[in-house]
Amino acid sequence: MTPHKTNLLALDFEALRSFVADLGWKRYRADQILAWIYKSHVSEIAAMTNLSMGDREKLSEKATLSHLQIHTHLKSSDGTEKFLFTLADGKQIETVLIREGRRRTLCISSQAGCTLDCTFCLTALEGLKRNLKADEIVNQLLSVQALLPEGEAITNVVLMGMGEPMANLAAVSAACARMIAPEGLQLAPRRVTISTAGLIPQMETFWKGPVSVNLSISLNATTDAVRDRIMPKVNKLYPLAELMAACRRAKLPPRKSLTFEYVMLAGVNDSLEDAERLLRLTQGIRCKVNLIPFNAFPGAPFQSTSEDQILRFQNRLLQSKLRTTLRKSKGRDILAACGQLNSQFTP
Ligand code: SAH
């Protein structure tokens, strides 16, 4: 890629409109280009066939458009697909497509690697670390959508891949804005979910901001002692009481609720006393709990809670009318399940 060319994906809609105006073109040209990128998912300027050959050449002299480069593409027996993408600087990120009924959920990364070092998460072992740019986040959707068969479309997005979205909030917000915008990917905001380990100041900035997608909080423990052990960095910064107080203060729009994710680790956070504490912690917060069986990886220092115990834990929460769902594990055979993303372990 020649450095002086503008990457069309790096421009937000307004910037793209001024770029087109600077070429001396009419405004509707920008709308045509946006439609090619975000509705038709083309991966090159040459494919924008309602621009004349001459215009496509002129645009190609000034700009580039390209989807992410696929390093590895794995398909699970359950329909889950995992993509390992290589970025322009050689860093790698993973993206997972999960098929469930008619739903197509794309689990995307917000950083290459992660700095939080949660002890149950494989991404923590990733050596290479940097924030993704907004276009690298959106491009995960564009690149996977372009490969799907006619009639199959990504319906939901979760920022639960590699990285901590709230540690890269500006780029994540810009990317989410493009996912939900009418001239962008036009996903309903309730179908986009950002997941965070609990960075309170950024969560508060997000709640005040204009992008009204869902927020899911990875709680994973009911005491500071256990949370310090499994999420050492984030819990030192923002201990449980502060995190729950921030959630209680959040002014959620009507009918919106928070989700607390809770990874079930055998003998660590899965007792009925934990369930009781979880009920107390979440009291007064409009929320639901999503229990996630721990997905093991080579060398993992934990085991998953047994199915029986997970159901006992869930039943205790349900008895007290706390909405609680249990996440089904998908893509285990290709190490694509939740928390298993780390390019170094790709078979
Ligand atoms: N940093 C963000 C998003 C990435 S992790 C966050 O912490 O939310 C996305 C979810 O995967 C989190 O709920 C996390 O607790 C969970 N997770 C990480 N490793 C896991 C594993 N090995 N098994 C099951 N869930 C895991």
Taking the dipole of the chain about the Cα centre (Lys, Arg +1; Asp, Glu -1; charges at Cβ), the one of GLN319, THR259, MET231 that reaches farthest to the positive side is GLN319
Exposure proxy ranking, count of Cβ atoms within 10 Å, fewest first, for SER77, SER320
SER77, SER320
Unmatched cysteines, the chain - criterion: no other Cβ of a Cys under 4.7 angstrom:
CYS107, CYS114, CYS176, CYS247, CYS287, CYS338
Applying the gyration tensor rule to the Cα atoms of the chain (axes a ≥ b ≥ c; rounded if a/c under 1.5, else prolate if a/b exceeds b/c, else oblate), the class is prolate
Sorted by chain and then number, the residues having a modelled amide H within less than 5 Å of the amide H of GLY198, at least 5 places away or on another chain, are SER218
Kindly identify the range 6-64 as rounded, prolate or oblate by the Cα gyration tensor criterion: order the square roots of the eigenvalues as a ≥ b ≥ c, call it rounded if a/c is under 1.5, otherwise compare a/b with b/c, prolate if a/b is larger, else oblate.
rounded
For the range 69-345, what is the charge dipole size about the Cα centre, in debye to the nearest 20, if Lys and Arg each add +1 at the Cβ and Asp and Glu each add -1 at the Cβ?
940
Exposure-ranked with fewest Cβ neighbours within 10 Å first, HIS73, HIS4, HIS67 stand as HIS4, HIS73, HIS67
The set of residues whose placed amide H lies less than 5 Å from the amide H of LYS330, leaving out same-chain residues fewer than 5 positions away, is CYS338
Report the residues of the range 83-110 in range of a label on ALA153: point 7 Å along Cα→C-beta, backbone N strictly under 14 Å from it.
103-105
Step through the residues of the range 11-21 one at a time and calculate ³J(HN,Hα) from phi using the Karplus curve (6.51 cos²θ - 1.76 cosθ + 1.60, θ = phi - 60°), rounding each to whole Hz and writing x for Gly and Pro.
9, 6, 4, 5, 5, 5, 5, 6, 4, 5, 4
Most exposed first by the Cβ proxy, i.e. fewest other Cβ within 10 Å, how do CYS338, CYS287 rank?
CYS287, CYS338
Expressed as an acute angle from 0 to 90° and rounded to the nearest 10, what is the orientation of the C-alpha long axis of helix 27-38 relative to the principal long axis of the chain?
50
Between 0 and 90 degrees, rounded to the nearest ten: what's the tilt of helix 272-282 against the longest Cα principal axis of the chain?
50
Using each residue's phi in the range 188-205, evaluate 6.51 cos²θ - 1.76 cosθ + 1.60 at θ = phi - 60° and report the 3J(HN,Hα) Karplus result to the nearest Hz, with x for Gly and Pro.
5, x, 6, 9, 10, 10, 9, 10, 10, 6, x, 8, 4, x, 5, 4, 5, 4
Are any of the pairs LYS251/LYS321; LYS82/LYS133; LYS133/LYS328; LYS129/LYS236 more than 25 Å apart by Cα-Cα distance, and if so, which?
LYS133/LYS328
Under 1.5 on a/c is rounded, so check that first for the range 63-128, then, if it is not, pick prolate when a/b is larger than b/c and oblate when it is not; a ≥ b ≥ c are the square roots of the alpha carbon gyration tensor eigenvalues.
oblate
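Each reported figure results from applying straightforward, stated rules to the coordinates on display, with no laboratory input. Just so it is clear, the model here is predicted, and its values are computed rather than measured. FYI the Cβ positions are ideal-geometry reconstructions off the backbone, even for glycines, and counts take in every protein chain you see.
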